[in-house]
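Below: one structure, written as structure tokens.
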Amino acid sequence: MEMLGGMKALVVGVANDQSIAWGCAKAFREAGAQIAMTYLNERAKPFVAPLAKQLDAPIFLPLDVADDAQTDAVFAEINRRWGRLDVLLHSIAFCPKEDLHGRVVDVSREGFAQAMDISVHSFMRLVKRAEPLMTNGGTCLTVTFYGSTRVVDQYNVMGPVKAALEAVTREMATELGAKGIRVHALSPGPLKTRAASGIDHFDELMRAAAARAPTHQLATIEDVGAYATFLASPGAKNVTGTVPVIDGGYHITA
């Protein structure tokens, strides 16, 4: 059964075939959705273009979420080609390395502002543009991490940033629910992605999580994609504002 048959989905944040966004894009396509996919810049394009081709993505455009003109261009093309949008996936986070690797109390004003803009406010901007295209309702998804609610060694300032992301998820779910638009923040356990590679000692965190999880397995991008597909499906039409944890049960042992 095609859970997302006929739906149109925008996936933002694919960097390579290890990306959480890629796991979701694959799952959406396998469930019957058409995919619009973006890439950050020309340096990233060679890694993402073959993946877009693999999914027969009819829309494949550059998108630096700090560039409003590029954002407008993506949504203009979606409106021109499809006239609507059913699913939005935002899987983007960034913090300058010098701020990410230091104490929270030492984070610069500029670094904090940039981390919040790229990791949080960009989701808000994308949802705002998606809203008028979700005429029959829809699902907006972002990606968080359990460092939002507890101190995770070396996660540092991204903990407060992810806490903010979860807070705006709840607010937008409340504001958009009457229009049938659901908003969720997926919370996978540690995954080996390009974004995670910027966190010091992340390999140690992954080994510890696998050892403590009841399943003794880390989540995969396919696990995340499967959950995201359910949330985007009609079966979850009355579910919104959640932060589902996809981590083999690790969070219940902490």
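FYI, it's all coordinate maths here, none of it is from the lab. On a predicted model such as this, the values are computed, not experimentally measured, just so you know. With ideal geometry, Cβ positions are generated from the backbone for all residues, glycine too; neighbour counts draw on all protein chains shown.
Under the classification rounded if a/c is under 1.5, otherwise prolate if a/b is larger than b/c and oblate if not, where does the stretch 8-252 fall, given a ≥ b ≥ c as square roots of the Cα gyration tensor eigenvalues? It comes out rounded by the Cα gyration axes.
For E204 and E110, the FRET efficiency from 1/(1 + (r/R0)^6), where r spans their Cβ atoms and R0 equals 30 Å, is about 0.50.
Treating r as the C-beta distance of A163 and T135 and R0 as 25 Å, the FRET efficiency rounds to 0.20. Modelled label positions at A178 and E222, each set 7 Å beyond Cα in the direction of Cβ, lie 4.3 nm from each other.
Among the GluC sites (Glu not before Pro) in the stretch 1-67, those placed in a DSSP loop whose Cβ has at most 10 other Cβ atoms within 10 Å are E42. Modelled spin-label separation between D68 and Q18, with each label point placed 7 Å from Cα along the Cα-to-Cβ direction: 3.6 nm. Counting only alpha carbon atoms, the long axis of helix 45-54 and the longest principal axis of the chain meet at about 50°. If you take every residue apart from V120 with its C-beta less than 14 Å away from the C-beta of V120, what net charge results, scoring Lys and Arg +1 and Asp and Glu -1? Around V120, the charge tally is +1. Rounded to the nearest 20 debye, the dipole magnitude of the stretch 8-252 is 600 debye, with +1 charges on Lys and Arg beta carbons, -1 on Asp and Glu beta carbons, and the Cα centre as origin.
Given a cut-off of 20 Å, name the pairs among K162/K237; K8/K237; K26/K179; K26/K53; K8/K128; K97/K162 whose C-alpha atoms lie farther apart than that in the structure shown. Pairs exceeding 20 Å: K162/K237; K26/K179.
Modelled spin labels at R150 and L61, positioned 7 Å past Cα toward Cβ, are 4.2 nm from each other. Per residue, the average separation of C-alpha pairs within less than 8 Å and at least 6 apart gives the chain a relative contact order of 21 percent.
Highest mobility in the GNM of the chain, judged by mean-square fluctuation with C-alpha springs under 10 Å and restricted to D86, D68, D117, is found for D68. Using only the alpha-carbon atoms, how far is helix 68-81 inclined from the longest principal axis of the chain? Give it as 0 to 90 degrees, nearest 10. Here the helix axis deviates by roughly 40 degrees.
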